[in-house]
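Encoded as structure tokens, the structure appears first; notes follow it.
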Amino acid sequence: MTETIAINATHIDSLDLSPIRPLLETWLTKDILAHEQEVKFQIDYPQPADAPQEWSEIPEVRLWFIRLDSLYPWLPLLLDWRSGELVRYVAMLVPHQFSEKEGILFNPQALDILMMHKVFVITRWLRSLGHDSNTKVIQMAEMFGYELDNTIFDLIQAHPD
């Protein structure tokens, strides 16, 4: 079941995470991975009617998502990937451009850094929950064109600090 999180200008301008915090905190007390790919965001933020922008192009909206990611860095696993929520989320965190022909074009170096950070953070978090499978992290990376070799997970496992 998809959970839609509505955020508005008041939440965004005050960096208030209250629209999602109770849901995540409740899920954390249960089997949070049972809610994999269930979260979507509905953003309501004022824009000029004559020059609407993508949400990721509005600094205040991006900052709200950066704060969200700093507190819940494993959140990408809970986003509704099928509806494009993962790509939109990453666009909030990584510099990019839009192309009419090719769609969103991420800065390659910034995307590399974010993806490797997510591999480390999410793998460690999954291990802390007792999940040893790398499948979820591999699938997330594949969404952005990355093929992860098991060697990276062996290295992470060898140094679990």
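The table below lists the values:
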| read-out | value |
| --- | --- |
| Rounded if a/c under 1.5, otherwise prolate or oblate - segment 43-106, Cα gyration tensor axes | oblate |
| Distance between modelled label sites at Gln97 and Asn8, nm, 7 Å Cα→Cβ extension | 3.7 |
| 13 Å reach of a label modelled at Asp112, 7 Å along Cα-to-Cβ, counting backbone N of segment 142-157 | none |
| Relative contact order [Cα under 8 Å, 6+ residues apart], the chain, whole percent | 18 |
| Hz values of 3J(HN,Hα) by residue in segment 74-89 - Karplus curve (6.51, -1.76, 1.60), Gly and Pro given as x | 8, 3, x, 5, 8, 6, 7, 4, 4, 8, x, 5, 5, 5, 5, 4 |
| Ile104 long-range amide H proximity, modeled H, under 5 Å | Ser99 |
| R0 of 30 Å, Cβ-Cβ distance Asp50-Ser70: FRET efficiency to nearest 0.05 | 0.35 |
| Global geometry of the chain, whether rounded, prolate or oblate, following the gyration tensor of its Cα atoms and the 1.5 cut on a/c | oblate |
| Backbone HN-Hα couplings from phi across segment 60-73 [Karplus 6.51/-1.76/1.60, Hz, Gly and Pro as x] | 5, 5, 4, 4, 4, 6, 5, 4, 4, 5, 5, 8, 10, x |
| Total formal charge among the other residues, if their Cβ is under 12 angstrom from that of Trp74, Lys/Arg +1 and Asp/Glu -1 | +2 |
| Relative packing of 43-54, 124-135, which averages over residues the other C-beta atoms within 10 Å, highest first | 124-135, 43-54 |
| Summed residue charge, Cβ within 15 Å of Ile122's Cβ, Lys/Arg positive, Asp/Glu negative | 0 |
| 5 angstrom amide H check on Ile5, placed H, neighbours 5+ away | Lys40, Phe41, Gln42 |
| Point-to-point label distance, Asp16-Leu63, nm (Cα→Cβ direction, 7 Å offset) | 1.6 |
| Accessible surface, segment 33-143, averaged per residue in Å² (probe 1.4 Å) | 52 |
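The values are calculated or read from the model by the stated rules, or taken from the named source; none is laboratory data. Predicted, not measured: the structure shown is a model, and the values here were computed from it. Quick reminder, even Gly has a Cβ in these numbers, built from the backbone with ideal geometry, and neighbours come from all protein chains shown. For accessibility, only protein heavy atoms count, side chains too; no ligands or nucleic acids. Shrake-Rupley method; radii C 1.70, N 1.55, O 1.52, S 1.80 Å.
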